[in-house]
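Written below as structure tokens is the structure these notes are about.
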Amino acid sequence: MTQSNQWATSTPAQTAKGFKIHLMVFLLATPVIWLVWYLTDTTYPWPLWSTPAWAIGVLFHYLGVYVFKKPGNN
């Protein structure tokens, strides 16, 4: 008896789709974060911590999907 694991492998199309979703969420959520900061207390720019950190995460996701591909995934 064999069991199928949906998390075992992913196709290049699935990984590219995952990156695009990550990028879209970043691009939509970042202005909302800055708007919340602007409409509340603007004494300390706290989004300057989350925005670059998230951008680095998106950058590494991009590198993992498009630059440092796994062998066998074209």
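Please treat every number below as a calculation from the coordinates, not as lab data. This structure is a prediction, so every number in the text was calculated from the model and none was measured. Methodologically, a virtual Cβ is constructed for each residue, glycine included, from the backbone with ideal geometry; neighbour enumeration extends over all protein chains shown.
Computed from label points 7 Å out along Cα-Cβ, the spacing between Val25 and Thr51 is 2.0 nm. Quick check on the stretch 5-61: take the gyration tensor over C-alpha atoms, sort the square-rooted eigenvalues as a ≥ b ≥ c, and tell me if it's rounded (a/c under 1.5), prolate or oblate. Here the stretch 5-61 falls in the prolate category. A prolate overall shape is assigned to the stretch 28-69, the ratio a/c of its alpha-carbon gyration tensor axes (a ≥ b ≥ c) being 1.5 or greater and a/b exceeding b/c.
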